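Following: one structure in structure tokens, then a few remarks.
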Amino acid sequence: MRRRAVSLLLAALMMSGLAVTGLTGCGSSEGGESVRLMVWSPSEDQSKDSGEWLQTCCEAFADAHPEWDITFVYGVMDEASAGEQVAQDPDASADVFMYANNSLEPMRNADAIVRFGGKYREQIESTNSQEVLDTLIMDDNLYGIPFTTNTWFMYYDKSVFSEEDIKSLDAMLEKGVVSFPFVNSWYLPAFYLGNGCTLFGEDGKDEEAGVDFGGENAVEVTNYLIDLEQNPNFRIDDLGSGLAGLRDGSVNALFSGSWDANAVKEALGDNIGVAALPTYTLNGEEKQMYAYAGTKAIGVNTHSDYMVQAVELAIWLGNAESQRLHYELRQVVPCNTELLEEEDIMSDELVTAQNNTFSYTSIIQPLVNQMNNCWTPVENMGKGIRNGSVTHDNAKEQTEQMNEAMNSDGI
């Protein structure tokens, strides 16, 4: 079955003209140069239940290059961990890997990730928006082929909330139960960012500018969150409790990403709704929630023994047809601009919600090293509100402590 998928993918690539043939290697179609490529991806990309996306794409690539006798070695590594592993030990890492863009800085510092230039950069730039490209560009160098935007948005039950309701979190809380990852520091800043708090300057790249999660505007958000946690229609989503609530009907909306799309669809069926982030009402004014956003990309290890083939494979795995297959098998939302213009993808609520959040209701997650100091203080704020140690009486003090910790090398 997979061999047929390989043939179909290969045919589609050749017909579309998307196969890259710029770099050439030694060897002939008879014997073929022997090549060994280690490729890392999340387990879901390799499982039979998910259609073996990685194996299918790699076999199509091998079929397209008979001049190389390629042996693929598949390793399981999620995008969040890959960058750290490559930076720590590039010699023992994969030739080609998938990574989250927020792990780019340590790989750059270790000189472990390839910069794409020339016609390869031109091809990547021609099929991606500038805002997507900016997540992978540092010092004017491009470090990967993006294959999806990486952010979160809202799933909801259409039988409970109308299209007007979902514009406002507070309106939703009047009609149904909303679950939110309150103690997860990738999500909770959405409220602070919505009231003017900032991280590392306007573009998130000015480490000297530091973090501004203090002051009266931040204290106002902390007080709002204290009340939100006490709302009888609000639930803290932790350890999968939000999805469990969708399944048993005790929760009507939650915040997550495309990785939960299949599970939410199973829970809600035809009532599944997907939307960008709503506003929330603070002191009588509507404030827009803003998510952290980035991309996931395919990178190449500078220590690869087969640089020509590794670069070609990376381009192949990130091109339009591979992204389409990723979307069909696993609902990984594509970012290739040509695909986003196709009717079946353009009309998908999941694609619209994720890309609208990325474009309009998010900030690019800062890549500076000091960002590592921001996670624990925000997580502790959420936990403190949950357990009652952060109250209206000490909200100002606790908010200032959070801000100080985010601007230090402390916890």
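Pick from region 213-245 the residues that are aliphatic (A, V, I, L, M) and within 27 Å of LEU282 (Cβ to Cβ): which of them is surrounded by the most Cβ atoms within 10 Å (Cβ to Cβ)? Step by step, filter region 213-245, then rank; the result is VAL221. Of the residues in region 300-308, at least one is surrounded by fewer than 21 Cβ atoms within 10 Å (Cβ to Cβ) and part of a helix (DSSP H, G or I).
Here ALA297 does not fit the description of being farther than 18 Å from ALA353 by Cβ, touching a residue at least 60 places away in the same chain (Cβ under 8 Å) and assigned to a helix (DSSP H, G or I).
Criterion first (more than 21 Å from the chain's Cα centre (by Cα), part of a helix (DSSP H, G or I) and surrounded by fewer than 15 Cβ atoms within 10 Å (Cβ to Cβ)) does GLU163 satisfy it? Judged against the criteria, GLU163 is not a match.
Selection over region 214-272 of residues that are of a type outside the set (S, T, N, Q) and touching a Gly at 6+ places or on another chain (Cβ under 6 Å) gives a count of 2.
Tallying residues that are more than 23 Å from the chain's Cα centre (by Cα) and part of a loop (DSSP other than H, G, I, E, B) within region 173-203 yields 4.
Checked against the criterion of being modelled with pLDDT of 95 or more, under 18 Å from the mean Cα position of the chain (by Cα) and not hydroxyl-bearing (Ser, Thr, Tyr), the candidates LEU317, LEU329, LEU367, LEU313 yield just one match: LEU317.
Mind counting the residues in region 227-260 that are over 21 Å from the mean Cα position of the chain (by Cα) and of a type outside the set (A, V, I, L, M, F, W, C)? Please lay out each step first, then the result.
Of all residues in region 227-260, those over 21 Å from the mean Cα position of the chain (by Cα) come to 227-236, 241, 244-252.
Now narrow it down to the ones that are of a type outside the set (A, V, I, L, M, F, W, C): 227, 229-233, 235, 241, 245, 247-250, 252.
Here the count works out to 14.
Apart from one condition, GLU349 fits all of (1) more than 28 Å from PRO278 (Cα to Cα); (2) in contact with a strand residue (DSSP E or B) (Cβ under 8 Å, 6 or more places away or on another chain); (3) surrounded by fewer than 19 Cβ atoms within 10 Å (Cβ to Cβ); the exception is (1). The single condition among (1) of a type in the set (Phe, Trp, Tyr); (2) more than 21 Å from the chain's Cα centre (by Cα); (3) under 20 Å from GLY294 (Cβ atoms) that TYR99 does not meet is (2).
Across region 48-62, the qualifying residues are those that are crowded, with 17+ Cβ neighbours inside 10 Å and acidic (Asp, Glu), and the one among them that is farthest from TRP316 (Cα to Cα) is GLU52.
The values are calculated or read from the model by the stated rules, or taken from the named source; none is laboratory data. Just so we're clear, the structure is a prediction, and the values are computed from it rather than from any experiment. Here Cβ is always computed from backbone atoms with ideal geometry, including for glycine, and neighbour counts include all displayed protein chains.
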